Amino acid sequence: MNKVSYEITPNPSTMKFLLHTKVAEEGFDCPTAQEAERSPLASKIFGFPWTSAVYVGTDFITVTKQDWVDWELLAQPLSGLIQEHMDRKEPVVVQFVTNHEEYNENDSTLVRNIKSVLNREIRPVVALDGGDIVFNRLEGNTLYIHMKGACSGCPSSSITLKEGIETRMKELFPEIHEVLAV
């Protein structure tokens, strides 16, 4: 098994830890310790007072820290803790709930096409930086999305949203006039 490695993300408060093995079918947010119950590893990380949020990706985990502590002190020991968890073959995810929004039979053709583009084009790119983008709703000419993982609270998330996602969505779907994060 490859050793857990880590890399910076565009969000200076968030570090991406590469697990080098698939641990989930789909990523999910753990913005609080209470919401980390699906992931024993995320729960373990929330045992540290500097943890602000955890995102479990398909083959990575991103950790967002409090501002009062530096990654220079945390990254290596946290990588070791994650590696130990993996070496012991402890589960990263114990229960996974599929995102049924993707398969809603009541969706219009436009909404199905938007979700398809998000899943095929945008989510894989955002995952490279330790984040995720999930469809929320389409209201009139405005597309609402959730920004998760490293994207949540990232200083460059507005650039990703407006210059990346919004530009691409407007290009493909002229009926979309704006993309907003919720």
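Here is how the numbers come out for the structure above:
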| quantity | calculated |
| --- | --- |
| Packing rank of 67-80, 160-173, 128-141, where each peptide gets the mean count of other beta carbons within 10 Å, highest leading | 128-141, 160-173, 67-80 |
| Folded to 0 to 90 degrees: helix 71-87 orientation relative to the chain principal axis, Cα | 80 |
| Length released on extending from Asn106 to Glu35, taking residue separation times 0.36 nm less the Cα-Cα span | 22.7 nm |
| Euclidean distance between Cα centres, the range 151-182 to the range 18-32, Å | 23 |
| Accessible area of Ser5 in the full protein assembly, 1.4 Å probe (Å², nearest 10) | 40 |
| Mean residue ellipticity (222 nm) of the chain, computed from DSSP H runs ≥ 4 via -39,500 (n - 2.57), nearest 500 | -6500 deg cm²/dmol |
| Built amide H within the under 5 Å cut-off of Thr58, gap 5+ | Gly27 |
| Long pairs among Lys3/Lys162; Lys115/Lys148; Lys3/Lys44; Lys22/Lys148, criterion Cα-Cα beyond 25 Å | Lys3/Lys162 |
| Anchor Lys170: aspartates and glutamates whose Cα lies under 20 Å away (excluding residues fewer than 8 positions away in-chain) | Asp107, Glu121, Asp132, Glu139, Glu178 |
| Global form of the range 1-42, assessed from the alpha-carbon gyration tensor, a/c cut-off 1.5 | oblate |
| Selected from Ala24, Ala36, Ala53 as most flexible by GNM, with the chain as the system and alpha-carbon contacts under 10 Å | Ala24 |
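The values are calculated or read from the model by the stated rules, or taken from the named source; none is laboratory data. Just so it is clear, the structure is predicted and the values come from calculations on it, not from any experiment. As a convention, Cβ positions derive from the backbone with ideal geometry for all residues, glycine included, and neighbour counts pool all protein chains shown. The protein model used for the area step is the full one, side chains on, heavy atoms only, and it has no ligands, DNA or RNA in it. Shrake-Rupley method; radii C 1.70, N 1.55, O 1.52, S 1.80 Å.
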